[in-house]
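Quick note: the coordinates plus some simple rules give every number you see, no bench work behind them. Bear in mind that the values here come from a model prediction, so they are computed numbers and not experimental data. With ideal geometry, Cβ positions are generated from the backbone for all residues, glycine too; neighbour counts draw on all protein chains shown.
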Amino acid sequence: MHPSLEHLIRLQQLETDASERKRRLAELPARVTEADAALAAAKAARDAATALVAENTATRRAADRELGVQQSRLTKFKDQLMEVKTNKEYTAMQHEIATAEEGVRTFEDQILTLMMQADELTAGVKAADAALAAEERKGKQVRADVEAERGQLEGELITIAAARTEVEGKLPAELVRLFNEGVSKRRGIAVSSIKDGHCEACQVRLRPQLIMEIRKGDRIVQCESCMRILFMPPPAPVPAATTESDRA
Ligand SMILES: [Zn+2]
């Protein structure tokens, strides 16, 4: 194997490690956005529940006023009933009293219904408040987790960058250039292993001559199709002798 190849393989490992961390860093804001959206939805639900209670209260006040009006009418007509002189007046007054009584019953029923609804709506606000508080706690936790993960990943990236500088120092400048060019042009993969006579990255079958040259290690060999630096992975470890459990 070419003496620089192990450093190039290590560089590729570091590059892959770094890009995996960058990808995770890039995903972090979405988690905050998602938590913010859930919080906004919980706030909207709480506001809607509160609005229903306010509406119920307003309707109830109007019904209370109407009930008062009907009750005064009823009292007034009952007083007047004592003073009527004729049968006709008496019948007319009885009719007014019946109408006012009907009005009182109607608003009393409405108020009872509104009171029952108010209990449900108040319970709804309580539930919405609890859900909102839960989302607020969750949002705080998500932010804390995201910040901790960001710190962790940024720290790891610094470590990786330092390791990379160290490995680059062991390589001729033109190989560092070749590697970096490969990374930027070939989706982050500048070094590819050989698998069953193929470039593992682009799947092209390699000429036996190339494979021989790689084994010899006189020069750094690139895939003729994708231009990635090629290496022959060490032979896979021979599977351990069959054990008792395998036979079972
Ligand atoms: Zn290739």
Checked 92, 131 against criteria (touching a residue at least 60 places away in the same chain (Cβ under 8 Å) and either on the phi > 0 side of the Ramachandran plot or assigned to a helix (DSSP H, G or I) (or both)); the one match is 131
List every residue pair whose Cβ atoms lie under 7 Å apart, where the two residues are 6 or more positions apart in sequence or sit on different chains, the first residue falls within region 25-48 and is over 16 Å from residue 134 (Cα atoms), and the second residue, located anywhere, is in a helix (DSSP H, G or I) and among the basic types (Lys, Arg). 25/150; 28/150
Only one of 150, 219 is touching a residue at least 60 places away in the same chain (Cβ under 8 Å), more than 13 Å from the ligand (Cβ to nearest atom), basic (Lys, Arg) and in a loop (DSSP other than H, G, I, E, B). Can you tell me which? 219
Restricted to region 201-216, and to residues that are surrounded by 17 or more Cβ atoms within 10 Å (Cβ to Cβ) and not in a helix (DSSP H, G or I), which residue is nearest to the ligand (Cβ to nearest atom)? 201
Any idea which residue in region 167-196 is surrounded by the most Cβ atoms within 10 Å (Cβ to Cβ), counting only those that are among the acidic types (Asp, Glu) and more than 18 Å from residue 19 (Cα to Cα)? 174
Go through (1) assigned to a helix (DSSP H, G or I); (2) under 31 Å from the mean Cα position of the chain (by Cα) one by one and return the number of the condition residue 189 breaks. (1)
Among the residues of region 181-200, write down those that are within 10 Å of the ligand (Cβ to nearest atom) and not basic (Lys, Arg). 189, 192, 194, 198, 199, 200
Hits in region 54-85 (condition: closer than 16 Å to residue 112 by Cα and among the β-branched types (Val, Ile, Thr)): 57, 59
